[in-house]
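**Student:** Let me begin by handing over the structure; questions about it come next.
The values are calculated or read from the model by the stated rules, or taken from the named source; none is laboratory data. Since the structure is predicted, the reported quantities are computational estimates derived from the model, not experimental observations. Reconstructed Cβ throughout: ideal geometry from the backbone, glycine too, with neighbour counts over all protein chains shown. Heavy atoms of the whole protein, side chains included, go into the accessibility calculation; ligands, DNA and RNA do not. Shrake-Rupley method; radii C 1.70, N 1.55, O 1.52, S 1.80 Å.
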Amino acid sequence: MSPLYKKLLLWFWAANIAVLLVSVFVTNSIGRAVGNNEPDWDHLANEAVQRYQSQGLLGLAAYSEELRRSRGVDATLYRHDKNLLLRRTAPPLRPFLPQLLAADRLVLKAGDGFWLAGQTVTTASGEPLQFIAMRGPHAPHERRGLLLLVQIVLSLVVIGGLGFAVARSLTAPITAIQSATRKMADGDLAARADARTAGRDDELGALARDFNHMASRTEALVGQQRT
C-alpha cells in the first residue's frame with residue numbers, strides 16, 4: 001500500500017469518525033436540552049379543552065393520544081376528581097394527583113426531565129375542568145426532523161472541511177512542482193521544487209525529489225556544454 005493511498009485512507013477514516021462524534025455530541029446536547037425544557041402547559045390545557053368542546057370525548061381521547069406520541073405527554077381532563085377518559089392513573093402520578101387536582105395551577109418537576117402539571121381550565125359554558133398532565137424523562141423527541149437536519153449539516157461541514165484540507169495537502173505540492181517545471185521550461189535551470197515539497201514522505205515528495213535531481217543533472221550538463 002503506497003504512502004499516498006494510506007494518507008487518503010486515514011483522512012477518510014478521520015472524517016467519518018469526526019462526523020460521528022460531532023453528530024452524537026450535538027444530538028445528545030439538543031436532546032437533553034429539549035427533554036429537560038418545561039412544556040407549555042397553558043397551551044396544552046387550552047388545546048385539550050378546545051378539542052373536548054368541539055369533538056367531545058372522542059376528540060379529547062384523540063388529542064391525548066397525539067400528545068403521547070408526538071411529545072411524550074400523558075394528559076387528560078378531570079371533572080369533579082373523575083378522569084373524563086376513564087383511564088387508570090399512571091403509577092408515577094398517583095402520589096401527586098390529589099395535590100394537582102386541588103390547585104388552580106401547579107407544576108412539579110419530580111426528576112430530571114420528569115414533569116407533572118395540574119391546571120384549572122374553564123369551558124365556554126363556564127364549567128371548570130382540571131387539566132392533568134405528566135411527561136416522563138424518556139419522552140419521544142419532539143424535534144427529530146431538526147436533529148436529522150443538524151446531523152446532515154454537520155456531516156457536510158465536517159467532511160467539507162476535512163476534504164478541503166486533504167485537497168490542499170495534495171494540490172499544494174503539485175502546484176509547487178508544476179511551477180518549478182514551468183520555470184525550467186522557460187530557461188531557469190536553477191528552478192527547484194521547494195524543500196517542504198521535496199521533504200514529503202509520499203509519492204508527491206518522491207516526484208519532487210526526482211524532479212530536483214533531474215533539474216540538477218540538466219543544469220550541470222548544460223553548464224558543461226557551455227564551458
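**Student:** Name the single residue, out of those in the stretch 139-159 being at pLDDT below 70 and open to solvent by less than 50 Å² (accessible area, probe 1.4 Å), that is nearest to residue 73 (Cα to Cα).
**Tutor:** Checked the stretch 139-159; the qualifying residue nearest to residue 73 (Cα to Cα) is 139.
**Student:** Considering only residues of the stretch 124-138 that are open to solvent by 10 Å² or more (accessible area, probe 1.4 Å), of a type outside the set (Gly, Ala, Ser) and closer than 17 Å to residue 64 by Cβ, which is modelled with the lowest pLDDT?
**Tutor:** Top of the filtered list is 134.
**Student:** Same structure again: Only residues that are under 15 Å from residue 196 (Cα atoms) and either polar (S, T, N, Q) or over 57 Å from the mean Cα position of the chain (by Cα) (or both): list them for the stretch 206-224, please.
**Tutor:** Selection gives 212 alone.
**Student:** With the structure loaded, tell me whether residue 172 is of a type in the set (A, V, I, L, M) and closer than 30 Å to residue 19 by Cα or whether it fails that test.
**Tutor:** Numbers: of a type in the set (A, V, I, L, M): yes; closer than 30 Å to residue 19 by Cα: yes.
Taking the combined requirement at face value, the residue satisfies it.
**Student:** Moving on to the next point. Only one of 72, 118, 126 is of a type outside the set (Lys, Arg), over 30 Å from the mean Cα position of the chain (by Cα) and at positive phi; which?
**Tutor:** 126
**Student:** Which of the residues that make up the stretch 171-199 are over 21 Å from residue 217 (Cα atoms) and open to solvent by less than 40 Å² (accessible area, probe 1.4 Å)?
**Tutor:** Passing the criteria: only 173.
**Student:** Would you pick out the residues in the stretch 63-105 that are of a type in the set (A, V, I, L, M) and open to solvent by 40 Å² or more (accessible area, probe 1.4 Å)?
**Tutor:** Correct list: 86, 102.
**Student:** What number of residues in the stretch 175-215 are more than 22 Å from residue 10 (Cα to Cα) and of a type in the set (D, E, K, R)?
**Tutor:** We begin by selecting, within the stretch 175-215, every residue more than 22 Å from residue 10 (Cα to Cα); these are 175-195, 208-215.
If we keep only those that are of a type in the set (D, E, K, R) too, we end up with 182-183, 186, 188, 192, 194, 209-210.
The number of residues fulfilling the criteria is 8.
**Student:** Same structure again: Would you point out the residue of the stretch 200-216, among those that are among the acidic types (Asp, Glu) and assigned to a loop (DSSP other than H, G, I, E, B), that is least open to solvent (accessible area, probe 1.4 Å)?
**Tutor:** 202
Residues checked against (1) part of a helix (DSSP H, G or I); (2) modelled with pLDDT of 90 or more; (3) of a type in the set (A, V, I, L, M, F, W, C):
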{"residue": "4", "(1), (2), (3)": "yes, no, yes"}
{"residue": "22", "(1), (2), (3)": "yes, no, yes"}
{"residue": "34", "(1), (2), (3)": "yes, no, yes"}
{"residue": "39", "(1), (2), (3)": "no, no, no"}
{"residue": "54", "(1), (2), (3)": "yes, yes, no"}
{"residue": "74", "(1), (2), (3)": "no, yes, no"}
